[in-house]
Amino acid sequence: MVNEKLLNDLLNKMVDNKRIFSAVLCVENGDRSFSWTGAVGNMQKDSRFFIASVTKLYVTAVVMQLIEENRIELNDKISKYLPDYFCEGLHVLKGVDYSNEITIVHLICNASGLPDYFFHKQANGRTVSDELMDGNDEAWHLDKTIGLIKNLRPDFKPGAKGKAAYSDSNYQLLGRIIENVTGKNIGEVFHDYIFSKLNLSNTYAYSDIDDNSPVPFYYKSQQLWLPQYIASVTVEGGIVSTVDEVMIFLKEFFNGRFFPKERINDLKQWNLILPPPGLFYFGIGLEKLWTPRIVSPFKPIKEIVGFWGQTGSFAFYNAQTDLYFCGTTNQINGKGHRLAGNAMMKIIKSVL
């Protein structure tokens, strides 16, 4: 199985106290005959951390359960579940209003064409991301997002063939749909549909801005603490967890706990996503790492699927080796993603 010295070496090389200040990594195989967890820097193995957009994999688990309950369908128009004032003029491209053509599947696979409130440049040349990375903490609720994106040009028509663009706006809308369908706020939905089912005692939707138990993350060398923002964007990235509890969820997700296991293949309808935030493939609520052949030319690495988080968090599965990976590098500037991605590929390559 996996060489533990390799795991220690890869983890220790992540932290240099210039770009990466802490990291935690958990690697397990399917039957747990191999299980390894390591932490370096200012994190412990049981540290709570913000899983950021890995939260969206939990959203996928919720959406698939709502489909199993016959409460929603992927091809339902979002206007069925949202008030008119949200949908009117939401997507106007070259004078044509496509707002009523947007469906749930367009939201969950980033194929709506709606601009991303987080990375889209505004009139002053700045983005919401720029403000937050400067430490300007503020809440960012759906009404605010709607107000912004209605004044921005969409990227493409909803469902345009081969088109996808990462947009947190999609997930904010999806979150409201989930809330309207269930009659609960998204934090309660996560608890009822996932956390309580798996008895996750250290996993929760961040809501108390005075809660300082999760470890802070970094942008370059600056430590960031953005409680108001994170508490307001639960559906797109507001879950707090520990590496062992992310691993529990990850394995249950791919093993059919939340929806029939065979439906995983239905989610693998890939479109390439370009920066920002990074280079990877996006399916229906599922991501796939870009694994260039040169990484392992003689024994090609097949699908590594799961989800990235903006804070350097990750949760992925490689069926080829039956290995699961999760953890975080707690760094937003992209260096952490590259290190974690390279580590996963080296670990997989070592056992092929």
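The values are calculated or read from the model by the stated rules, or taken from the named source; none is laboratory data. These numbers were taken from a predicted model, which means no experiment stands behind them. Every residue, glycine as well, gets a Cβ built from its backbone with ideal geometry; the counts of neighbours run over all protein chains shown. Surface accessibility is based on the protein's heavy atoms, side chains included, excluding ligands, DNA and RNA. Shrake-Rupley method; radii C 1.70, N 1.55, O 1.52, S 1.80 Å.
State all residues of segment 220-260 that are hydroxyl-bearing (S, T, Y) and at pLDDT 95 or above; if no residue qualifies, say none.
Y229, S232, T234, S241, T242
Could you say whether any residue in segment 139-152 is buried (at least 16 other Cβ atoms within 10 Å of the Cβ), among the basic types (K, R) and under 27 Å from K288 (Cα atoms)?
Taking every residue of segment 139-152 in turn, none turns out to be buried (at least 16 other Cβ atoms within 10 Å of the Cβ), among the basic types (K, R) and under 27 Å from K288 (Cα atoms).
Could you pull out the residue among K184, K157, K121 that is more than 21 Å from W270 (Cα to Cα), at pLDDT 95 or above, open to solvent by 40 Å² or more (accessible area, probe 1.4 Å) and not in a helix (DSSP H, G or I)? Please lay out each step first, then the result.
Details: K157 fails: more than 21 Å from W270 (Cα to Cα); K121 fails: at pLDDT 95 or above.
Answer to the selection: K184.
Do the conditions hold for S35, that is, is it small (G, A, S) and within 14 Å of C326 (Cβ to Cβ)?
Judged against the criteria, S35 is a match.
Return the residues of segment 303-344 that are closer than 22 Å to P214 by Cα, part of a loop (DSSP other than H, G, I, E, B) and of a type outside the set (G, A, S); say none if nothing qualifies.
Correct list: Q310, T311, T329, N330, I332, N333.
Which one of the conditions (1) at pLDDT 95 or above; (2) open to solvent by 20 Å² or more (accessible area, probe 1.4 Å); (3) under 20 Å from F316 (Cα atoms) does N3 fail to meet, given that it meets all the rest?
(1)
Exactly one condition in (1) touching a Ser or Thr at 6+ places or on another chain (Cβ under 9 Å); (2) within 18 Å of S47 (Cβ to Cβ); (3) open to solvent by 10 Å² or more (accessible area, probe 1.4 Å); (4) not β-branched (V, I, T) is not met by Y206; state its number.
Tallying (1) touching a Ser or Thr at 6+ places or on another chain (Cβ under 9 Å); (2) within 18 Å of S47 (Cβ to Cβ); (3) open to solvent by 10 Å² or more (accessible area, probe 1.4 Å); (4) not β-branched (V, I, T), Y206 fails exactly one: (3).
For segment 122-143, give me each residue that is touching a helix residue (DSSP H, G or I) at 6+ places or on another chain (Cβ under 9 Å) and more than 25 Å from P216 (Cα to Cα).
Q122, D143
So if I check each of S213, S241, S196, which one is open to solvent by less than 20 Å² (accessible area, probe 1.4 Å), among the hydroxyl-bearing types (S, T, Y) and out of contact with any helix residue (DSSP H, G or I) (no Cβ under 6 Å at 6 or more places or on another chain)?
On inspection, the qualifying residue turns out to be S241.
Can you report the number of residues in segment 75-101 which are in a loop (DSSP other than H, G, I, E, B) and either closer than 11 Å to I177 by Cβ or open to solvent by 10 Å² or more (accessible area, probe 1.4 Å) (or both)?
10
Across segment 19-47, what is the number of residues that are open to solvent by 30 Å² or more (accessible area, probe 1.4 Å), farther than 21 Å from L339 by Cα and in contact with a strand residue (DSSP E or B) (Cβ under 8 Å, 6 or more places away or on another chain)?
Count: 1.
I'd like to check something: does segment 258-272 contain any residue that is within 17 Å of I67 (Cα to Cα), touching a helix residue (DSSP H, G or I) at 6+ places or on another chain (Cβ under 9 Å) and exposed (fewer than 14 other Cβ atoms within 10 Å of the Cβ)?
Yes.
Can you tell me which residue in segment 48-73 is least open to solvent (accessible area, probe 1.4 Å), limited to those that are assigned to a loop (DSSP other than H, G, I, E, B) and farther than 14 Å from M247 by Cα?
Going through segment 48-73, the residues assigned to a loop (DSSP other than H, G, I, E, B) turn out to be 48, 51, 69-73.
Cutting the leftovers down to farther than 14 Å from M247 by Cα gives us 69-73.
Numbers: E69: 83, N70: 126, R71: 94, I72: 6, E73: 92 Å².
The residue in question is I72.
Of everything in segment 282-303 that's farther than 24 Å from Y171 by Cα and among the β-branched types (V, I, T), which residue is least open to solvent (accessible area, probe 1.4 Å)?
Per the stated criteria, the residue is I301.
Of all residues in segment 312-352, which are among the aromatic types (F, W, Y) and open to solvent by less than 10 Å² (accessible area, probe 1.4 Å)?
If the condition is that a residue be among the aromatic types (F, W, Y) and open to solvent by less than 10 Å² (accessible area, probe 1.4 Å), then F314, F316, Y324, F325 are the ones that fit.
Would you please name the residue that is nearest to I348 (Cα to Cα), looking only at residues in segment 263-299 that are part of a helix (DSSP H, G or I) and at pLDDT below 95?
Within segment 263-299, the match that is nearest to I348 (Cα to Cα) is V295.
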